[in-house]
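Below is one structure, written out as structure tokens, with a few remarks after it.
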Amino acid sequence: MRPTYMKPIGVGIVGCGGIVLQNHVPGLALCPAARLTALCDADAAVLARAAQHTGVAATFSDYHALLAHPGVDAVIIATPNFVHAPIAQAAIAAGKHVLCEKPIAMNHAEAKGMAEAAERAGVRHMTAFTYRFVPAMRYMAHLVRAGAIGQPYHFRSCRLQDWGTRAVGWRQVAKLAGSGELGDMLSHRIDYAHLLVGPIRRLVADDRRFHDVRDGQVSDLEDWVAILAEFENHRASGVLESTKVATGRGEGARSQDYCEINGTEGSLVFQLERPLELQVTKKGESVLRTVPLPEEFLKWPGSPRDPRVGDPAFTFRYDQDFEFIQAIVEQRPCVPSFVDGARAQAVMDAAGVSIREKRWVEVPA
Ligand SMILES: NC(=O)c1ccc[n+]([C@@H]2O[C@H](COP(=O)([O-])OP(=O)(O)OC[C@H]3O[C@@H](n4cnc5c(N)ncnc54)[C@H](O)[C@@H]3O)[C@@H](O)[C@H]2O)c1
């Protein structure tokens with residue numbers, strides 16, 4: 001444990017848009033060992049709003065200036081995807097610990113470069129695969145590891161949202177986002193599939209763009225993506241689907257977000273609508289039973305968060321920042337790290353090749 005006389009870990013945030021106010025500011029507020037010390041955004045209005053919201057006085061339009069601020073020990077990167085890698089590399093070169101939003105880079109080479117640079121520099125590195133912190137998803141991973149379903153046969157995930165034709169800003173522009181639904185939502189599920197079943201060995205993928213124009217703005221990225229995967233682990237199968245155009249299915253935490261795993265001994269089902277329970281069944285049974293989560297899974301180990309306060313479909317997200325700060329305090333690797341981010345990126349790259357070339361693709365080890 002960190003001695004109480006040590007100074008707080010100063011955190012600077014680069015990119016102060018939607019996800020920072022929703023996840024990172026309340027997450028950092030939970031961390032007694034951290035203090036938010038500096039903010040950076042390229043958009044003056046966004047920066048002013050974040051400064052007012054947080055009371056942080058040190059504000060910058062250029063991330064190099066934030067990195068030079070003496071009060072910054074660690075950085076959270078929450079910009080559009082195309083600038084994640086250069087900002088992370090500059091932060092690592094300046095000796096800062098880095099929590100980077102997903103997808104951490106535009107391709108696997110960039111992501112691997114970030115993981116290697118962070119390891120060489122000896123700084124903590126973390127990928128914001130936020131759904132790792134959903135209590136029921138953590139319990140599901142625990143049960144799989146403990147052998148509750150035996151040998152996995154199938155992993156299945158289905159993310160159905162209805163974003164209609166509304167503009168989604170940089171998310172609909174290939175040179176800013178890298179990919180559409182693949183990086184935006186499916187990257188989370190690729191990471192979760194890795195956690196539950198292990199590495200994906202090969203895959204075939206497809207995508208669709210149903211709207212070339214969103215609210216009058218050109219979109220050159222996919223609205224729907226699906227991957228059919230084979231895992232290294234006993235050739236278990238994976239079926240992963242994600243869409244922004246499932247009409248009438250709602251959006252965010254109130255839309256369909258479903259994961260299922262079937263194994264030789266049983267099956268487990270998760271839905272984000274019910275983040276504090278799992279559905280389970282085992283060999284010899286034929287119906288799902290709902291089980292509440294054991295107390296120790298309601299929050300991340302050690303998190304000061306009261307799991308009974310707030311909307312459980314949102315509050316789990318705060319534990320992510322706690323894990324980042326705690327890993328710095330305890331001088332241990334973050335979970336999940338840039339290595340996990342780079343592994344997911346290798347699968348995303350392989351999916352891109354499969355979509356373009358219409359064939360099965362091996363994922364590099
Ligand atoms: N982990 C999750 O569940 C989750 C959820 C939503 C978004 N995200 C990720 O978070 C990141 C940000 O998403 P968002 O929804 O907050 O986007 P946003 O558009 O609301 O915010 C991004 C901000 O970055 C700023 N910016 C752009 N270039 C910059 C630069 N060079 N220097 C400083 N600031 C710059 C923009 O002005 C903008 O204010 C993306 O990578 C996205 O994929 C993750």
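The values are calculated or read from the model by the stated rules, or taken from the named source; none is laboratory data. From a predicted model like this one, the values you see are computed outputs, not experimental measurements. For neighbour counting, all protein chains shown are included, and Cβ atoms are generated from backbone atoms with ideal geometry for every residue, glycine included.
Here Phe210 clears all of (1) at positive phi; (2) surrounded by fewer than 15 Cβ atoms within 10 Å (Cβ to Cβ) except the condition numbered (1). What are the residues in the stretch 190-210 that are more than 12 Å from the ligand (Cβ to nearest atom), under 30 Å from Gln151 (Cβ atoms) and either of a type in the set (Phe, Trp, Tyr) or assigned to a helix (DSSP H, G or I) (or both), if any? Within the stretch 190-210, Ile190, Tyr192, Ala193, His194, Leu195, Leu196, Val197 qualify.
Exactly one residue among Val56, Val14 is within 14 Å of the ligand (Cβ to nearest atom) and either outside the structural domain of Asp191 (by TED's automatic domain parsing) or among the aromatic types (Phe, Trp, Tyr) (or both), and that residue is Val14.
For every residue, the table says whether it meets (1) aliphatic (A, V, I, L, M); (2) modelled with pLDDT under 95; (3) over 12 Å from Gly341 (Cα atoms).
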| site | (1), (2), (3) |
| --- | --- |
| Asp73 | no, no, yes |
| Pro80 | no, no, yes |
| Gln89 | no, no, yes |
| Ile92 | yes, no, yes |
| His97 | no, no, yes |
| Cys100 | no, no, no |
| Ile104 | yes, no, no |
| His108 | no, no, no |
| Lys112 | no, no, no |
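Since Glu296 meets every condition but one in (1) outside any loop (DSSP other than H, G, I, E, B); (2) within 30 Å of Thr165 (Cα to Cα); (3) not hydroxyl-bearing (Ser, Thr, Tyr), which condition does it not meet? The number of the failed condition is (2). Scanning the stretch 48-64 for residues that are in a helix (DSSP H, G or I) and over 20 Å from Ala91 (Cβ atoms) turns up Ala48, Arg49, Ala51, Gln52, His53. Within the stretch 310-336, the set of residues being in contact with a helix residue (DSSP H, G or I) (Cβ under 7 Å, 6 or more places away or on another chain), in a loop (DSSP other than H, G, I, E, B) and surrounded by fewer than 20 Cβ atoms within 10 Å (Cβ to Cβ) comprises Pro333, Val335.
Considering the conditions (1) over 21 Å from Phe129 (Cα atoms); (2) within 19 Å of the chain's Cα centre (by Cα), His53 is excluded by exactly one of them, (2).
Quick grid of which residues meet (1) closer than 30 Å to His97 by Cα; (2) aromatic (Phe, Trp, Tyr); (3) without any contact (Cβ under 8 Å) to a residue 24 or more places away in the chain:
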| residue | (1), (2), (3) |
| --- | --- |
| Thr281 | no, no, yes |
| Leu293 | no, no, no |
| Glu296 | yes, no, yes |
| Gly302 | yes, no, no |
| Ala327 | yes, no, no |
| Gly341 | yes, no, no |
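Residues that are crowded, with 18+ Cβ neighbours inside 10 Å and within 13 Å of the ligand (Cβ to nearest atom) within the stretch 59-73 comprise Thr59, Phe60, Tyr63, Leu66, Leu67, listed in sequence order. Residues that are without any contact (Cβ under 8 Å) to a residue 60 or more places away in the chain and not aliphatic (A, V, I, L, M) were ranked within the stretch 71-95; the one that is nearest to Ser187 (Cα to Cα) is His84. Just to verify a result, which residue in the stretch 163-189, among those that are hydroxyl-bearing (Ser, Thr, Tyr) and within 11 Å of the ligand (Cβ to nearest atom), is farthest from the chain's Cα centre (by Cα)? Checking each candidate, the answer is Ser179. Residues in the stretch 262-279 that are of a type in the set (A, V, I, L, M, F, W, C) and touching a residue at least 24 places away in the same chain (Cβ under 8 Å): Leu268, Phe270, Leu272, Leu276, Leu278. Is at least one residue of the stretch 18-38 near the ligand (Cβ under 9 Å from one of its atoms), assigned to a strand (DSSP E or B) and at pLDDT 95 or above? Among the residues of the stretch 18-38, not one is near the ligand (Cβ under 9 Å from one of its atoms), assigned to a strand (DSSP E or B) and at pLDDT 95 or above, which makes the answer no. Taking the stretch 78-162 and the strands (runs of 3 or more DSSP E) fully enclosed by it, the elements with 3 or more residues that are away from the ligand (no atom under 16 Å from the Cβ) are at 152-160.
The strands (runs of 3 or more DSSP E) found wholly in the stretch 219-285 and carrying at least 2 residues that are of a type in the set (S, T, N, Q) and farther than 22 Å from Val204 by Cα occupy 266-271, 277-282.
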